[in-house]
1. Roughly how tilted is helix 80-101, in degrees to the nearest 10 and between 0 and 90, from the longest Cα axis of the chain?
2. Mean projection of the alpha-carbon convex hull of region 57-97 over all orientations, in nm²?
3. Measure nothing fancy, just the Cα-based angle from helix 189-207's long axis to the longest principal axis of the chain, in degrees from 0 to 90, nearest 10.
4. How long are the three semi-axes of the equivalent ellipsoid of region 282-401, in whole Å, if each is the root of 5 times an eigenvalue of the C-alpha gyration tensor, listed from largest down?
5. Against the longest alpha carbon principal axis of the chain, how many degrees, from 0 to 90 and to the nearest 10, is the axis of helix 128-140 turned?
6. Taking the simple approach of a point 7 Å from Cα along Cα-to-Cβ for both Leu141 and Phe307, what is their distance in nm?
7. Counting pairs of alpha carbon atoms under 8 Å apart in space and at least six apart in sequence, what relative contact order in percent does region 9-85 give?
8. Cα convex hull of region 185-297: how many Å³ per residue?
Amino acid sequence: MSIASVDVIVTSPGRNFVTLKVTTSDGVVGWGDATLNGRELSVASYLSDHLASMLVGRDEDRIEDTWQYLYRGAYWRRGPVTMAAIAAVDMALWDIKAKKAGMPLYQLLGGASRDGVRVYAHASGTDFAALSNAIAGYRELGFTAVRVQTGVPGLGQIYGVSAAGPGVRYDYEPAKRSGDRPAEEQWDTRQYLNHMPGVFAKIREEFGTDLRLLHDGHHRMSPIEAARFAKDVEPYDLFWLEDATPGEDQTALRLIRQHSTTPLAIGEVFNTVYDYQTLITERLIDYVRSAVTHTGGITAMKKLLDFAAIYGIRSGIHGPTDISPVGMAAALHLDLAIHNFGIQEYMPHNEQTLEVFRTSFTFDKGFLHPGDQPGLGVELDEDAASAFEYTKAYLPVNRLLDGTVHDW
Ligand code: CS2
Ligand code: MG
């Protein structure tokens, strides 16, 4: 048996996705997610122009050897484009191996360690009324955990806040189809720092202490600002404060740890275990945020999460709508199998996306299950995919009030 063909499918059912299709000489098909929001075509080219030809003819069962061949063989190491391309190949090969074994992928990862995967939804609102409405709606749907993001008085559209108006499911898509230039947003950390603790106080007052609350700082605070924020929100018992400060400055987290016991989550913009080395060995974080799609696939994520487990650190795999249903399924199989599971992000994809990607994972009372189909349990409908042309879309650029470019 060998890899007979490797195809890259770019489709845009409401937002852009890049998917790898690997087919064996016996006709077994494996799927891999290669979506990198705002830089999709770079990964598509890395796969079709460089990897596809070197994969044809290889033994599809040699997953570890293929991973090492693509990682070390490229000479140039790490980076979001390379690791997303390797991730897609890795996911497809695991999908094939599990299909050939006739079992869902989690069975090859050690079997289920839990009955279901606790997930959190994205509740947001331009003001407290809209935010409260969203939280109530997700709680109605059975979610036991919500990420809360809200507008800051005096600022316009900011990260993480849907302008879709009251309702439960905000189709919040940060990448804007704004031609060749990213949209620009305005930011002021001081107004944010002064506003947010009161929002958490009101949420706790309205919804009690049981609901797990998460919040995403989205890289926008300096280390000392993040230390202050983490200390100020301690009374509201956050499940985690995410991306409190740019995580590539790993030792900056020491400062936050000195001031607060608010749990910290970092890593959605990371792409190898080396990005975490200090954060994990010094226990500067509590949750690993990487996506399977951006961190070299299932092979690499399993190693990363096993390394984190040694230090008492748990998973919090990234699962926004710019991770495709294939990447989401890969996360769910890992979530079900590993011991040090924390929580899984779940932004439901829109109807158009679910026409293209036929999924088998199920949601029940705040928990997801990957399903027991052989493989990952997601199939891409190529005819449906061909109806949605790629459309350039970029994540916003953030500027401080004086015009200085800032983290978005
Ligand atoms: C966010 C992401 O889900 C999250 O935690 O940080 O939605 C992020 O903004 C997007 O993945 C960027 O494409
Ligand atoms: Mg985030």
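Any read-out appearing in this document is the output of simple, stated calculations on the displayed coordinates, not a laboratory observation. These figures come from a predicted structure and were not determined experimentally. Note: ideal-geometry Cβ built from the backbone for every residue, glycine included; neighbour counts use all protein chains shown.
1. 60
2. Numbers: hull surface 11.1 nm².
That works out to 2.8 nm², a quarter of the Cα hull's surface.
3. In the chain, helix 189-207 runs at an angle near 90 degrees to the longest axis.
4. Values: eigenvalues 140, 88, 32 Å².
In descending order the semi-axes read 26, 21, 13 Å.
5. Its long axis makes an angle of about 50 degrees.
6. Taking the simple label geometry, Leu141 and Phe307 are separated by 3.4 nm.
7. Reported relative contact order: 27 percent.
8. 114
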